[in-house]
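The structure under discussion appears below in the form of structure tokens.
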Amino acid sequence: MCLPLQGKENFMKEIIKSIKIYLIFTVLLGLVYPLIIAAIAQITMPYQANGSLIIKDGRVIGSELIGQKFDKPEYFNSRPSAVNYNAAGSGASNYGPMNEKLIEQVNSYKKNNKKITADMVMASASGLDPHISIENAMLQLPRVARQRNLPESKVKELVNENTDPDFVGIWGKAGVNVLKLNLTLDSL
Amino acid sequence: MYNSALLQVVLFIIILIILALPLGEYMAKVFTGQQVWLSFLIRPVEKFLYRIFGVDETKETDWKSYTFSLIVFNAVGIVVLFILQLIQHILPLNPQGLSSVRWDTALNTAVSFVANTNWQAYGGESTMSYLTQMLGMTAQNFVSSAVGIAVAVTFIRGFVRKSVKEIGNFWVDLTRSIIYLLLPLSIVFSLFLVSQGVIQNFNPYTKAQTIQGQEQVIAQGPVASQEAIKILGTNGGGFFNANSSHPYENPKPITDYFEILGFLVISAALPFTFGAMLNNRKQGWAIFISMLTLYLIGLSVALWSEYHGNPILGLDNMEGKEVRFGILNSVVFGHSTTSTSCGAVNAMHDSFMPLTAMILMFNMMIGEVVFGGVGVGLVGMLIYAILTMFLIGLMIGRTPEIFGKKLEPFEMIMAVLVLILPSIIQLVFGALASSTTLGLSSLNNAGPHGLSEILYAFASGAGNNGSAFAGLNANTPFYNLTLAVAMLVGRFATIIPSLTIAGSLAQKKSTPEISRFPTSGPLFIISIVAVVVVVGALTFFPVLVIGPILEHLEIFTYGN
């Protein structure tokens with residue numbers, strides 16, 4: 001390609017100018033901007049900015065936004081996770097719809113359980129889904145109530161209390177926050 | 001279910017138009033140097049920046065100098081980003097002590113972020129330090145989308161200007177995109193995201209003791225500032241491996257809603273900018289409606305396919321989806337992210353039903369012109385408009401012209417280059433990957449789905465999208481290097497020929513209005529939609545048949 005600028009000198013000048021502008025923008029957008037947002041966030045919304053952490057007796061037990069593993073019968077169980085709820089390495093199974101492993105996994109679960117929902121047997125996208133569907137919670141409800149000797153109506157009340165809403169009634173789906181629900185159950 | 005889906009989509013489109021219209025007018029004013037309501041605040045900053053840059057804002061250049069500045073600027077970006085990743089272990093703001101990034105991954109990532117693709121062969125939280133995420137990813141997200149907008153504005157000038165060589169000043173367009181548009185929007189958006197639970201801190205990863213007594217390490221970081229520009233600039237590179245499905249990037253249905261709006265809004269506004277700068281607002285609407293038509297056709301097919309669930313399992317297809325988004329919002333997000341060149345995902349595309357995935361692939365294969373990446377999406381659509389008017393010219397036996405400019409062989413050659421170079425590169429690399437062990441050993445699924453994994457990767461690379469069928473292990477030298485080439489071709493084979501077209505058109509006189517073929521009526525819209533679909537189908541139909549379509553048939557005959 002013929003050089004649009006005359007002479008070697010202009011050529012070098014343009015390169016130096018590019019580097020200079022690139023570096024200035026990098027500092028402005030890569031350092032000043034995130035730091036300003038961090039400062040505002042830390043001052044005005046420290047709870048959210050630091051991860052919506054739940055602290056009990058001075059210890060962090062998790063985040064209300066990040067799912068964790070529950071497989072004991074006295075708890076509402078969380079969804080399967082391809083990364084075993086590793087919150088320092090999120091990820092999914094990436095099984096296609098006719099992947100043998102997926103089919104096997106679902107069929108073996110079907111054998112032991114009469115009624116299932118899709119989110120009960122299928123892994124989430126992040127591997128950290130904090131929610132289960134309301135239908136899923138309703139299927140687990142009798143078991144949890146039995147294990148804890150609680151009336152089902154009481155547990156149902158708690159499920160409703162710990163359901164995060166959708167957006168203005170139409171966008172997204174309401175989901176039961178498993179960690180918050182199990183915490184409430186434990187605190188009874 | 002269908003009714004509520006319909007209601008959501010219609011409401012969504014109305015809100016999109018309400019936001020995009022004024023934003024389009026705003027951008028037209030910014031890029032023609034007129035006063036806007038933010039000028040009192042930003043104009044002094046702009047002047048100050050030009051002074052330290054050593055840029056004379058009144059001096060415009062021809063297309064060659066413009067292109068030269070753009071290429072040098074991008075080359076600098078690739079080099080800096082590459083080095084930054086290699087030396088991150090000796091730099092500050094690395095509380096996890098993450099090591100130097102492997103060279104092929106670093107090169108792929110550097111190209112990827114400069115090319116506005118944000119293909120990620122790495123998992124963010126386990127690979128990149130906070131400093132790399134900020135200085136590298138966040139900053140590059142801004143400048144690469146600003147470059148896209150600069151190209152679009154320059155391309156528009158090619159139609160607007162008459163008998164001149166100058167098409168603009170690259171540094172001025174770049175600076176204005178950032179400080180009048182991307183930065184103010186990002187500040188507002190990132191604070192909104194924090195208020196809903198997106199994190200913004202520099203803490204080391206949090207150690208939690210879970211209720212069942214296990215240890216859970218929770219990744220932290222300056223996420224909101226990066227998330228905002230990742231979305232607004234249609235970049236799409238997540239802070240975390242799981243991208244916008246990660247609860248710290250996209251915690252609620254409300255954030256999901258605004259993220260989808262966020263990556264559509266600038267691209268949807270640019271047709272209106274085009275109409276305003278051309279002083280022919282009907283023309284802007286015609287381009288917008290063409291894009292919207294294509295968007296809705298694709299969305300209907302994708303929703304129809306995903307709502308059928310997985311017949312083998314007899315269940316809804318919730319694999320790779322989050323409960324808070326459900327089927328509908330996962331599909332709307334996936335369709336929108338591939339229509340634009342965003343590439344953020346809130347569900348795993350590898351686990352979508354095959355025909356849903358086919359639509360997503362097709363969106364990328366036609367070059368992401370359905371709204372498209374900020375800037376380059378509009379340019380792509382206008383290139384299709386040029387092709388359409390050329391075909392119409394042939395049919396009615398007149399010299400082809402568009403928006404008052406005569407189309408001659410030079411413009412047509414350049415336009416065709418933009419359309420076929422990315423297609424060739426995806427098909428050639430796709431064929432290479434599916435016939436060598438180097439390519440095949442990375443697959444996560446067998447059979448036609450495996451072919452889809454490969455196709456998707458190169459469509460995403462060449463289309464500068466960046467989303468993935470993430471089952472494919474693309475972090476190998478083979479994929480890192482081939483995809484880097486695909487991304488470079490996809491980016492610069494669009495930008496450079498487009499700028500030459502702009503340069504050539506700007507030098508032409510305008511044809512008298514009465515002799516023109518109407519380019520804002522339904523006939524034009526139908527023609528351009530047909531051209532986009534037919535060109536895409538002619539190029540990719542055979543390979544889609546042995547990928548997603550074959551898989552679809554296999555699923556519906558499973559066990560027979």
*Would you mind getting the accessible area per residue of the protein assembly as shown, heavy atoms of the protein chains only, 1.4 Å probe, in Å²?*
36
*Regarding the stretch B:371-420, what are the three Cα extents along the principal axes, ordered largest first, in Å?*
35, 18, 16
_Average beta-carbon neighbours from other chains, 10 Å sphere, peptide B:256-268_ = 1
*Would you be so kind as to identify which of A:163, A:182, A:87 lies farthest towards the positive end of the dipole of the stretch A:64-186, taking Lys and Arg as +1 and Asp and Glu as -1 on Cβ and the Cα centre as origin?*
A:182
_What percentages make up the Cα-Cα pair-distance distribution of the stretch B:334-411 when the bins are 5 Å wide from 0?_
3, 15, 20, 15, 13, 12, 9, 6, 5, 1
*Please report, in Å, the Rg and the Dmax of the stretch B:23-279, where both are computed over Cα atoms only.*
19.7, 74
_Global size of chain B as Cα Rg and Dmax, reported in angstrom_ = 22.7, 78
*Partner chain Cβ atoms within 10 Å, averaged over the residues of B:127-135 - can you pull that number for me?*
2
_Taking each residue in A:171-181, count the Cβ atoms of any other chain within 10 Å of its Cβ, then average. What number comes out?_
5
*What's the buried accessible area, both sides, between A and B using a 1.4 Å probe, rounded to 100 Å²?*
8500
*Take the solvent-accessible surface of the protein heavy atoms, probe 1.4 Å, and return the percent of it on chain B that carbon and sulfur atoms account for.*
69
_Leaving ligands and nucleic acids out of the surface, order B:304, B:63, B:171 by accessible area at 1.4 Å, largest first._
B:304, B:63, B:171
*Give me the angle, in degrees from 0 to 90, between the Cα long axis of helix A:7-27 and the longest principal axis of the Cα atoms of chain A, rounded to the nearest 10.*
30
*What percentage of the solvent-accessible surface of chain A, computed with a 1.4 Å probe over protein heavy atoms, is contributed by carbon and sulfur atoms?*
57
*Dimensions (Å) - the stretch B:1-81, Cα atoms, principal axes, largest first*: 57, 35, 25
*Find the all-direction average of the projected area of the Cα convex hull for the protein assembly as shown, expressing the result in square nanometres with one decimal place.*
32.0
*Place a +1 charge on the Cβ of each Lys and Arg in chain B and a -1 charge on the Cβ of each Asp and Glu, then give the dipole magnitude about the Cα centre in debye, rounded to the nearest 20.*
1680
_I need the Debye-formula profile for the stretch B:223-338: one equal scatterer per C-alpha, no solvent, reported as log10 I(q)/I(0) at q = 0.16, 0.20 1/Å, two decimals._
-0.85, -1.10
*Relative contact order for chain B using alpha-carbon pairs under 8 Å, separation at least 6, rounded to a whole percent?*
19
*Hey, got the Cα dimensions of chain A along the principal axes, in Å, largest first?*
85, 46, 34
*May I have the pair-distance distribution P(r) for the stretch A:5-48, computed from all Cα-Cα distances with 5 Å bins from 0 and rounded to whole percent?*
5, 20, 14, 12, 12, 9, 9, 6, 5, 4, 3, 1
_Please list, by residue number, every one of the trypsin sites (Lys or Arg not before Pro) in the stretch A:89-188 that is coil in DSSP and has at most 12 other beta-carbon atoms within 10 Å._
A:114, A:115
_Compute and list, largest first, the equivalent-ellipsoid semi-axes of the stretch B:282-417 from the alpha carbon gyration tensor, each √(5λ) rounded to a whole angstrom._
37, 14, 12
_Among the listed pairs A:115/B:321; A:69/B:230; A:17/B:162; B:165/B:230; B:47/B:162, which have their C-alpha atoms separated by more than 23 angstrom in this model?_
A:69/B:230; A:17/B:162; B:165/B:230; B:47/B:162
*Based on DSSP H runs of at least 4 residues, each adding -39500 (n - 2.57), what is the mean residue ellipticity at 222 nm of chain B after dividing by all its residues, to the nearest 500 deg cm²/dmol?*
-20500 deg cm²/dmol
*Can you give the Kirkwood hydrodynamic radius for the stretch B:375-559, in Å, rounded to one decimal and based on Cα pairs?*
18.4
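The values are calculated or read from the model by the stated rules, or taken from the named source; none is laboratory data. Predicted, not measured: the structure shown is a model, and the values here were computed from it. Using ideal geometry, Cβ is built from the backbone for each residue, glycine included, and neighbour counts are taken over all protein chains shown. Side chains are part of the model used for accessible areas, which takes the heavy atoms of the whole protein and leaves out ligands, DNA and RNA. Shrake-Rupley method; radii C 1.70, N 1.55, O 1.52, S 1.80 Å.
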